[in-house]
Amino acid sequence: MARVSRSDAGAPTASPPSAEITPTETLILAPWRTNCRITRLVVSGLPASIWTRALPGVPRRTVRSVVAHLHNARSRWIKTLGVPSGIARPPLVNVHSVSRRELLVALRESDRSIDSLLRLGLREGGNVPPTASYTWRNLPLDVGHILTYFVAHEAHHRGQLILVARQLGAALPKSVNEGLWQWQLPKRVRRPKT
């Protein structure tokens, strides 16, 4: 991969590659764990008064169903890509009845399952092995693309949830809105690696 630098004229120029970049646990797993922490922050900060409310303009979907979709999407990808390699699939949650507490527990479980899927890819030279049940074939199976897919998917729905909360007159607390951008924990609360 070539590095891009800017010349005096401002046009991008490519410099010769120095060495092949190898995905590492730090480059892949730390961003995934940050994403998970931010998703749980948003879910825990959603006002209880809107949990069962319909999304404006989408009456068949509720705040609860959007959040449940995040976990269930993870679970389905684990079924497709992880189970054949021995990664345990977290059970789906009921989009119509799951409580916030149950969902936060389920999210932690699917956090770990996707973490295991990414670790599998790292062990396999940077790529998750394709499986017979992976028929979509639109997502490259390198760990960078898998990480980007999940982060983009969850960021999309976090933004959707924040907007819906505002539309329903129940904006998230300031601590949650500000916490969305706290990608590094302050040193005093930084937790040891697990």
- Task: Hey, can you tell me all the residues within region 66-102 that are within 18 Å of the chain's Cα centre (by Cα) and of a type in the set (S, T, N, Q)?
- Result: Asn72, Ser75, Thr80
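Residues are listed down the side, and each one gets a yes or a no for (1) closer than 26 Å to Val143 by Cβ; (2) in contact with an Asp or Glu (Cβ under 8 Å, 6 or more places away or on another chain):
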position: Arg53; (1), (2): no, no
position: Pro56; (1), (2): no, no
position: Thr62; (1), (2): no, no
position: Thr80; (1), (2): yes, no
position: Asn94; (1), (2): no, no
position: Arg101; (1), (2): no, no
position: Asp111; (1), (2): yes, no
position: Leu122; (1), (2): yes, yes
position: Gly125; (1), (2): yes, no
- Task: State all residues of region 45-81 that are free of Cβ contacts under 8 Å to residues at least 40 places away in the same chain, assigned to a helix (DSSP H, G or I) and not charged (D, E, K, R); if no residue qualifies, say none.
- Result: Ser65, Ala68, His71, Asn72, Ser75, Ile78
- Message: Suppose we keep only residues that are surrounded by 20 or more Cβ atoms within 10 Å (Cβ to Cβ) and aliphatic (A, V, I, L, M) within region 61-77. Which one would you say is nearest to Arg33 (Cα to Cα)?
- Response: Leu70
- Task: Could you tell me whether region 151-168 includes any residue that is within 17 Å of the chain's Cα centre (by Cα), under 23 Å from Arg40 (Cβ atoms), surrounded by fewer than 15 Cβ atoms within 10 Å (Cβ to Cβ) and among the charged types (D, E, K, R)?
- Result: no
- Applying the selection to region 97-119, what residues are out of contact with any Pro (no Cβ under 7 Å at 6 or more places or on another chain), closer than 19 Å to Thr34 by Cα and without any contact (Cβ under 8 Å) to a residue 60 or more places away in the chain? Val105, Arg112, Ser116, Leu117
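Can you tell which of Leu81, Leu141, Leu107 is among the hydrophobic types (A, V, I, L, M, F, W, C) and touching a strand residue (DSSP E or B) at 6+ places or on another chain (Cβ under 8 Å)? Spell out the reasoning first.
Values: Leu81 fails: touching a strand residue (DSSP E or B) at 6+ places or on another chain (Cβ under 8 Å); Leu107 fails: touching a strand residue (DSSP E or B) at 6+ places or on another chain (Cβ under 8 Å).
Criteria check complete, one pass: Leu141.
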- Query: Being in contact with a Pro (Cβ under 8 Å, 6 or more places away or on another chain), outside any loop (DSSP other than H, G, I, E, B) and surrounded by 19 or more Cβ atoms within 10 Å (Cβ to Cβ), is that true of even one residue in region 82-96?
  - Reply: no
- Message: I need a count of the residues in region 131-149 that are among the polar types (S, T, N, Q) and surrounded by 13 or more Cβ atoms within 10 Å (Cβ to Cβ).
- Response: 2
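No value in this document is a laboratory result; all are computed from the given coordinates. Remember, predicted model here, so these are calculated numbers, not experimental data. Positions of Cβ are generated from backbone atoms using ideal geometry, with glycine treated the same way; all protein chains shown enter the neighbour counts.
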